[in-house]
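Have a look at the structure below before the remarks.
The values are calculated or read from the model by the stated rules, or taken from the named source; none is laboratory data. Just so it is clear, the structure is predicted and the values come from calculations on it, not from any experiment. FYI the Cβ positions are ideal-geometry reconstructions off the backbone, even for glycines, and counts take in every protein chain you see.
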Amino acid sequence: MSALEQSRHLATAIPGPRSQDLITRKKAAVASGVGNTMPVYAARAFGGIVEDVDGNRLIDLGSGIAVTTVGNASPRVVDAVREQVANFTHTCFMVTPYEGYVAVAEALNRLTPGDGDKRSALFNSGSEAVENAIKIARVYTGKQAVVSFDHAYHGRTNLTMALTAKSMPYKHGFGPFAPEIYRAPLSYPFRDAEFGGKELATDGELAARRAITMMDKQVGAENLAAVIIEPIQGEGGFIVPAEGFLPTLLQWCRDNDVVFIADEVQTGFARTGRMFACEHEGIVPDLIVTAKGIADGMPLSAVTGPASIMDAPHVGGLGGTYGGNPVACAAALATIATIEDGGLVDRAAHIESLMKDKLGRMQAEDDRIGDVRGRGAMIAVELVKPGTLEPDAELTKKLSTAAHQAGVIVLTCGTFGNVLRFLPPLTISDELLLEALDVLELILRDL
């Protein structure tokens, strides 16, 4: 796999003939509700490059939506998966358990913020882990209500759709949703400055008090089992709350017997320049939900927290046929080892420096770039109409489409559809990363 050349190369127009044939086959075989960002079909991937079936080599600034953090087909992960597959692929941990599950739980208990006696439970997807975190919080507190935030994304299952803020495409037409879900205002510095003034945009504690007032008045702490929040919002637009917002919320939860759940599905495992994003403000959530980058592409997720909370559900109340699959566990252990031994937490911080420097210079020359934000290798630009704060979703779509045609994989996000997000693998070279940003700069000038 290392023979996959780490350079951008366009052998055909995008999409090429083989991808076009697969697009036709997909339309005839796959439900139309399953969409695609890129009009190409992958054949190989390694490091910072995805090669399609037509031989085009694309610079990867998406990592499969923050999944292949240590790089696609990372050698240590490949070796671990091969060894495990040769031994056994499944027994169900609830029937015939195996060491890999226990070892992953031990690693999570060690890595997540906070000291003391911890427990973990493993599942398949981020949505599934979020639902189980809510179950645990409800049993532990004996309460039912849950608060999530504006612009939140927590998944596509029924309960997680209720927690998710954006209607299209995630919720539209799929209701009714799970009850006892409430929404509070987030700290969104770029847009809070527009509607609430500079103080609200920069004072995280003030923004948290706004949310707490809503929770007190509309829900009541005596009814509230959990508050769930992404320390940096993902699908909502890579929104980094103002400093002080998260600690103030956490303290209120502590004071009111409310479980504070950090959804670190997209932000976890070195993505933001810390092992977990909540570490940037030194907070220790009651429960941490992880997935995506945990196993370099194998389906695995987890909930981790103090034994006093995690052990609240009765025996048999947590689990699932495939939860903590042995192959996925082997991949997770190899992924964690790669992050720790390879210094990838520091690498993410270096990527942040490179990207913010380049994007900041672009912003200074182009008033359509309203904001550059994020942490580590989780960076975004919010595009606006010139001289305003009005979201420009059309420009965002044109820019991302042109980038795809030029051989750069980028993703969009945001409640208003006007955010371009960058999630490069931490193993991408500086040269590839800067080349991709140069391509985007040229396209933006042409547009």
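Go through the residues of segment 187-204 one by one and say whether even a single one is within 18 Å of Phe416 (Cα to Cα), touching a helix residue (DSSP H, G or I) at 6+ places or on another chain (Cβ under 7 Å) and among the small types (Gly, Ala, Ser).
Residues of segment 187-204 that are within 18 Å of Phe416 (Cα to Cα), as a first pass: 187-195.
Of the ones still in play, those that are also touching a helix residue (DSSP H, G or I) at 6+ places or on another chain (Cβ under 7 Å) are 187, 189, 192-193.
Filter again for among the small types (Gly, Ala, Ser), leaving 187, 193.
Among the residues of segment 187-204, at least one is within 18 Å of Phe416 (Cα to Cα), touching a helix residue (DSSP H, G or I) at 6+ places or on another chain (Cβ under 7 Å) and among the small types (Gly, Ala, Ser), which makes the answer yes.
Inspect segment 50-57 for any residue being surrounded by fewer than 24 Cβ atoms within 10 Å (Cβ to Cβ), modelled with pLDDT of 95 or more and part of a helix (DSSP H, G or I) and give the result as yes or no.
no
Identify, please: which residue in segment 173-198 is surrounded by 14 or more Cβ atoms within 10 Å (Cβ to Cβ) and basic (Lys, Arg) and is, among those, nearest to Arg209 (Cα to Cα)?
Filtering first and then ranking leaves Arg183.
Look through Glu230, Glu279 and report the one residue that is under 25 Å from Thr415 (Cβ atoms) and not basic (Lys, Arg).
Just one listed residue meets the conditions, Glu230.
Could you grab me the full set of residues in segment 100-119 that are in contact (Cβ under 8 Å) with a residue 24 or more places away in the chain and of a type in the set (A, V, I, L, M, F, W, C)?
Ala103, Val104, Ala105, Ala107, Leu108, Leu111
Filter segment 109-135 down to the residues that are touching a Lys or Arg at 6+ places or on another chain (Cβ under 8 Å) and within 14 Å of Asp286 (Cα to Cα) and list them by number. Working first, answer last.
Kept after step one, since they are touching a Lys or Arg at 6+ places or on another chain (Cβ under 8 Å), are these residues of segment 109-135: 109, 112, 126-127.
Scanning segment 109-135 gives Asn109, Thr112.
Which count do you get for residues in segment 8-49 that are among the small types (Gly, Ala, Ser) and exposed (fewer than 14 other Cβ atoms within 10 Å of the Cβ)?
The number of residues fulfilling the criteria is 8.
With under 16 Å from Val130 (Cβ atoms) and without any contact (Cβ under 8 Å) to a residue 24 or more places away in the chain as the only criterion, which of Met161, Met168 stands out? Full working, then the answer.
On the way: Met168 fails: under 16 Å from Val130 (Cβ atoms).
Criteria check complete, one pass: Met161.
Starting from residues that are of a type outside the set (Asp, Glu) and over 26 Å from the mean Cα position of the chain (by Cα), keep the ones in segment 362-390 and report whichever is surrounded by the fewest Cβ atoms within 10 Å (Cβ to Cβ). Give the steps one after another, and end with the answer.
Kept after step one, since they are of a type outside the set (Asp, Glu), are these residues of segment 362-390: 362-364, 368-370, 372-381, 383-389.
Filter again for over 26 Å from the mean Cα position of the chain (by Cα), leaving 364, 385-388.
Numbers: Ala364: 10, Lys385: 15, Pro386: 11, Gly387: 8, Thr388: 12.
Going through the qualifying residues, I end up with Gly387.
Considering (1) out of contact with any helix residue (DSSP H, G or I) (no Cβ under 6 Å at 6 or more places or on another chain); (2) without any contact (Cβ under 8 Å) to a residue 60 or more places away in the chain, say which one Gly414 fails and leave the rest.
It is condition (2) that Gly414 fails.
Does Ala349 meet the test of being assigned by TED's automatic domain parsing to the domain that holds Leu395 and in contact (Cβ under 8 Å) with a residue 12 or more places away in the chain? Walk me through how you get there before you give the answer.
Values: assigned by TED's automatic domain parsing to the domain that holds Leu395: yes; in contact (Cβ under 8 Å) with a residue 12 or more places away in the chain: yes.
For Ala349, the condition - assigned by TED's automatic domain parsing to the domain that holds Leu395 and in contact (Cβ under 8 Å) with a residue 12 or more places away in the chain - is met.
Could you list all residues from segment 58-86 that are assigned to a helix (DSSP H, G or I), of a type outside the set (A, V, I, L, M) and surrounded by fewer than 24 Cβ atoms within 10 Å (Cβ to Cβ)?
Gly64, Pro75, Arg76, Asp79, Arg82, Glu83, Gln84
Since Ala207 meets every condition but one in (1) in contact with a strand residue (DSSP E or B) (Cβ under 8 Å, 6 or more places away or on another chain); (2) part of a helix (DSSP H, G or I); (3) surrounded by 22 or more Cβ atoms within 10 Å (Cβ to Cβ), which condition does it not meet?
(1)
Got a number for residues in segment 87-127 being surrounded by fewer than 20 Cβ atoms within 10 Å (Cβ to Cβ), among the β-branched types (Val, Ile, Thr) and part of a helix (DSSP H, G or I)?
1
Looking only at residues that are without any contact (Cβ under 8 Å) to a residue 24 or more places away in the chain and not in a loop (DSSP other than H, G, I, E, B) in segment 316-345, which one is surrounded by the most Cβ atoms within 10 Å (Cβ to Cβ)?
Per the stated criteria, the residue is Glu340.
Can Thr24 be described as closer than 27 Å to Leu433 by Cβ and either in contact (Cβ under 8 Å) with a residue 24 or more places away in the chain or out of contact with any strand residue (DSSP E or B) (no Cβ under 9 Å at 6 or more places or on another chain) (or both)?
No; evaluated as a whole, the condition is false for this residue.
What's the total number of residues in segment 128-161 that are aliphatic (A, V, I, L, M), surrounded by fewer than 24 Cβ atoms within 10 Å (Cβ to Cβ) and under 19 Å from the mean Cα position of the chain (by Cα)?
2
Mind checking which pairs have a first residue in segment 120-136 that is in contact (Cβ under 8 Å) with a residue 24 or more places away in the chain and a second that is among the acidic types (Asp, Glu), Cβ under 9 Å, 6 or more apart or different chains?
Short answer, once both residue conditions are applied: Ser120/Glu106; Phe123/Glu131; Gly126/Asp263; Ala129/Asp263; Val130/Asp263; Ala133/Asp263.
Could you please let me know if Ala152 is at pLDDT 95 or above and either farther than 30 Å from Val384 by Cβ or basic (Lys, Arg) (or both)?
Taking the combined requirement at face value, the residue does not satisfy it.
Taking the stated definitions as given, is Asp255 surrounded by fewer than 21 Cβ atoms within 10 Å (Cβ to Cβ) and more than 30 Å from Asp296 (Cα to Cα)?
yes
For segment 171-184, state whether one or more residues are assigned to a loop (DSSP other than H, G, I, E, B) and in contact (Cβ under 8 Å) with a residue 24 or more places away in the chain.
yes
Which one of these does Ala402 not meet: (1) more than 19 Å from the chain's Cα centre (by Cα); (2) crowded, with 22+ Cβ neighbours inside 10 Å?
Looking at each condition in turn, Ala402 falls short on (2).
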